[in-house]
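Let me begin by presenting the structure, written as structure tokens, before commenting on it.
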Amino acid sequence: MANEGYLGKHTLSGERAATGDHPAVLHHLPLSASAKAAVIPVGTVMKRVDVMEGESGGAKVVGAAWEPLLSTDAATVLPVAVVDTPCDPTGENGESSALCVVHGGVKNRVLKTGDGKALTDIQTAQLVEHGIYPA
């Protein structure tokens, strides 16, 4: 006999980046050390960075982390996710990951870089290439 039950209800409120136009795939992405210095608002576009271990001469990549894309980043730095709910990594009990849209529709009006700038046309096209569709 199978057990069935009601465990509870979870509701997200407030501004979100995801839309219902194309169902969103959400993941908690681990933040880099530099990303933990400030609150990350909804709609912030994120980039992936390598986590290195060892000295600079013999350093090797041991993982990945995410941090806000900046308007000053090179064109080769790709936007790969959009923060869906506010993330506060600061303080003693700060979050170590951000809930992000990694695939699906997002609200174009909330998209911005980590330094508060609007996305360029190239950055918007790169989001689409990664399966994130601004509407």
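The values are calculated or read from the model by the stated rules, or taken from the named source; none is laboratory data. Keep in mind that this is a model prediction, so the values were computed, not measured. Cβ atoms come from the backbone with ideal geometry, glycine included; neighbour counts cover every protein chain shown. Protein only, heavy atoms only, side chains kept; ligands, DNA and RNA dropped before computing areas. Shrake-Rupley method; radii C 1.70, N 1.55, O 1.52, S 1.80 Å.
Assuming Thr11 fulfils every condition listed in (1) farther than 12 Å from Ala98 by Cβ; (2) among the polar types (S, T, N, Q); (3) modelled with pLDDT of 80 or more apart from one, which condition is it?
If we test Thr11 against (1) farther than 12 Å from Ala98 by Cβ; (2) among the polar types (S, T, N, Q); (3) modelled with pLDDT of 80 or more, just (3) comes out false.
If the requirement is being more than 18 Å from Thr19 (Cβ to Cβ) and touching a residue at least 40 places away in the same chain (Cβ under 8 Å), which of these qualifies: Leu31, Leu119, Leu111?
That would be Leu31, the only listed residue that is more than 18 Å from Thr19 (Cβ to Cβ) and touching a residue at least 40 places away in the same chain (Cβ under 8 Å).
Tell me which of these Gly58 doesn't satisfy, since it passes every other one: (1) free of Cβ contacts under 8 Å to residues at least 12 places away in the same chain; (2) open to solvent by less than 80 Å² (accessible area, probe 1.4 Å); (3) part of a strand (DSSP E or B).
With respect to (1) free of Cβ contacts under 8 Å to residues at least 12 places away in the same chain; (2) open to solvent by less than 80 Å² (accessible area, probe 1.4 Å); (3) part of a strand (DSSP E or B), Gly58 is out only on (3).
Among residues belonging to the range 89-114 that are of a type outside the set (S, T, N, Q), open to solvent by 70 Å² or more (accessible area, probe 1.4 Å) and assigned to a loop (DSSP other than H, G, I, E, B), point out the one that is modelled with the highest pLDDT.
Ranking the qualifying residues of the range 89-114, first place goes to Glu95.
Please work out which residue is least open to solvent (accessible area, probe 1.4 Å), limiting yourself to the range 115-135 and to residues that are closer than 14 Å to Met46 by Cβ and part of a helix (DSSP H, G or I).
That would be Leu127.
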